[in-house]
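Here the structure is laid out as structure tokens; the discussion comes afterwards.
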Amino acid sequence: MEAKYESNVREIPYAQTVVYNCLSDLTNLERIKDKMPDEKIQDFSFDRDTLSVAVQPVGNITLRIIEREEPKCIKFETEESPIPFNFWIQLLPLTEESCKMRLTIKTDLNPFMKAMVGSHLQDALEKMADMIASVKYGE
């Protein structure tokens with residue numbers, strides 16, 4: 001059964017292209033490493049297209065960028081994960097100096113798994129959206 005989770009929309013006080021250029025190259029994650037909750041996230045590594053992390057108590061997750069639609073969407077898919085999923089970041093301009101962002105996860109879950117992990121996925125998505133929105137993209 002397909003399940004889709006979306007974050008609330010976040011406003012980011014930087015131009016859409018600035019945010020897109022930063023997020024579409026995962027080596028820029030160096031900027032947010034210090035914002036990661038150490039008690040939940042370990043073994044955080046990345047290159048331009050791939051992100052790997054160990055999340056407690058979930059396990060190892062590796063995401064790869066599979067599509068870049070400049071400047072509005074970055075799509076990822078799992079290469080390693082206890083629950084395979086697709087993830088994407090959508091960006092839309094608000095003004096020349098700001099944009100809005102929404103994160104989405106799409107996965108196949110049976111009703112039992114959906115009941116067990118659905119609220120955790122939604123919560124993780126909201127925390128990730130807060131973290132991405134808080135990055136200082138212009139510096």
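A few notes on this one:
- Candidate aspartates and glutamates for bridging to LYS100, where Cα separation is under 18 Å - those fewer than 8 sequence places away on the same chain excluded: GLU6, GLU11, GLU69, GLU70, GLU126, ASP130
- Accessible-area composition of the chain, carbon plus sulfur, in percent [1.4 Å probe]: 51 percent
- Working note: Karplus 6.51/-1.76/1.60 with θ = phi - 60° gives the range 92-101 the couplings 10, x, 9, 9, 5, 10, 8, 8, 10, 9 Hz, where Gly and Pro are set to x.
- The base-10 log of I(q)/I(0) for the chain, evaluated at q = 0.12, 0.22 Å⁻¹, reads -0.46, -1.59 [Debye formula, identical scatterers on Cα atoms, solvent excluded].
- MET116/GLU96 FRET efficiency (R0 35 Å; Cβ-Cβ; nearest 0.05): 0.20
- Residue order by solvent-accessible surface for VAL135, VAL55, VAL9 is VAL9, VAL55, VAL135, largest first, with ligands and nucleic acids left out and a 1.4 Å probe.
- Summed residue charge, Cβ within 12 Å of THR50's Cβ, Lys/Arg positive, Asp/Glu negative: -4
- Using the 1.4 Å probe convention, the accessible area of the chain works out to 58 Å² per residue with neighbouring protein chains retained.
- FRET efficiency estimate (nearest 0.05) - Cβ-Cβ, GLU2 to ARG68, R0 22 angstrom: 0.40
- Folded to 0 to 90 degrees: helix 111-133 orientation relative to the chain principal axis, Cα: 20 degrees
- Hz values of 3J(HN,Hα) by residue in the range 79-91 - Karplus curve (6.51, -1.76, 1.60), Gly and Pro given as x: 9, 9, 5, x, 10, x, 7, 9, 9, 9, 10, 10, 10
The values are calculated or read from the model by the stated rules, or taken from the named source; none is laboratory data. Small disclaimer: the values here were computed from a predicted structure and weren't measured. Glycine also receives a Cβ, built like all others from the backbone with ideal geometry; neighbour counts cover every protein chain displayed. Just the protein is used for accessible areas: all its heavy atoms, side chains included, with ligands, DNA and RNA removed. Shrake-Rupley method; radii C 1.70, N 1.55, O 1.52, S 1.80 Å.
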